[in-house]
Amino acid sequence: MPSWFCSRAWFSHVGPFDEGGRGVPEDLLFFYNHLRKGGGVVRVDQSLLLYRYHPGAATHSVLEATIWTHRVHFLEERALPHWATFTIWNAGRQGRRLYRSLTAGAQRKVVAFCDVDENKIRKGFYCYEDSLERPKPRVPILHFRAARPPFVICVKLDLTGGAFEDNLRSLHLQEGRDFLHFS
């Protein structure tokens, strides 16, 4: 499970946790404020601490839908304004959910979905049936090799026996510039 830490001085600079009570993802909101104020992130691929997780933890009071909504808003605020267009990597449930969660303006920036599933690719497009737009948006579904960055990746890591990670590595992309993980 990812975690992060900062100095007391930086904590004071960023400001207090949102103490809105149970159901508020205060750590996520604090982290986003940290980034908004110029805080950085360094990835360390080793265990540095043991995180205590128990059934009575307050984290269980935060609904997944609440976290999802905050994450989508932050994506639209911080990343998508820098991209004229982008591709969603995953034509499955999570990729389609992200597309449907975006504002209409952000949806118009999606030029394609990409995937490795031949059935999805063969279908050729995703039609957003619940859209109020006419005609309904139809977004192409391409093989990942035919798609162009930047990508918003909606594929969980470590679930494909390394196949997804190998595919991503094969494109020689730079995280943060050419793709972002949103899974």
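Just so you know, all these numbers are worked out from the coordinates, no wet-lab data involved. Treat the numbers as computed from the prediction; the structure is a model and nothing was measured. So basically every Cβ, Gly included, is an ideal-geometry build from the backbone, and we count neighbours across all protein chains shown.
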- Query: Mind checking the dipole of the chain: about its Cα centre, +1 per Lys or Arg Cβ, -1 per Asp or Glu Cβ, Debye to the nearest 20?
  - Reply: 500 debye
- Could you please report the charge total around Arg36, scoring K, R as +1 and D, E as -1 over all other residues with beta-carbon less than 13 angstrom from its beta-carbon? +1
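Note down the relative contact order for the chain as a percent, whole number, built from C-alpha pairs under 8 angstrom at least six residues apart. Spell out each step's value before the answer.
Numbers: 191 pairs, mean separation 29.6, N = 183.
RCO, the chain: 16 percent.
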- Query: Going toward the positive end of the dipole of region 1-159, with +1 on Lys and Arg Cβ and -1 on Asp and Glu Cβ, which of Leu29, Trp4, Val116 do you reach last?
  - Reply: Val116
- Query: Does region 96-183 come out rounded, prolate or oblate, given a ≥ b ≥ c as the square roots of the eigenvalues of its C-alpha gyration tensor, rounded meaning a/c under 1.5 and, failing that, prolate meaning a/b above b/c?
  - Reply: prolate
- Item | Only Lys, Arg (+1) and Asp, Glu (-1) charged, at Cβ; region 77-183 dipole about Cα centre in debye | 400 debye
- Message: I'd like the antiparallel share, as a percent to the nearest 5, of DSSP beta bridges with both residues in the chain.
- Response: 20 percent
- Item | Glu77-His172 pseudo-label distance in nm [points 7 Å out on the Cα-to-Cβ vector] | 3.7 nm
- Net dipole in debye of region 79-137 [+1 Lys, Arg Cβ; -1 Asp, Glu Cβ; about Cα centre; nearest 20]: 100 debye
- Item | Dipole of the chain [Lys/Arg +1, Asp/Glu -1 at C-beta], most positive-end residue of Ala163, Trp89, Gly40 | Trp89
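Net charge within 14 Å of Ser3 by Cβ-Cβ distance, Lys/Arg positive one each and Asp/Glu negative one each, not counting Ser3 itself? The partial results should precede the final answer.
Working: positive: Arg43, Arg52; negative: Asp27, Asp45.
So the environment of Ser3 carries a net charge of 0.
Can you give the local net charge around His172? Use residues other than it whose beta-carbon is closer than 13 angstrom to its beta-carbon, Lys and Arg +1, Asp and Glu -1.
Net of charged neighbours comes to 0.
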- Message: To make sure I understand the rule: partners must be lysines, Cα under 27 Å from the Cα of Lys123, and not fewer than 8 residues away in the same chain. Which ones qualify?
- Response: Lys109, Lys136, Lys156
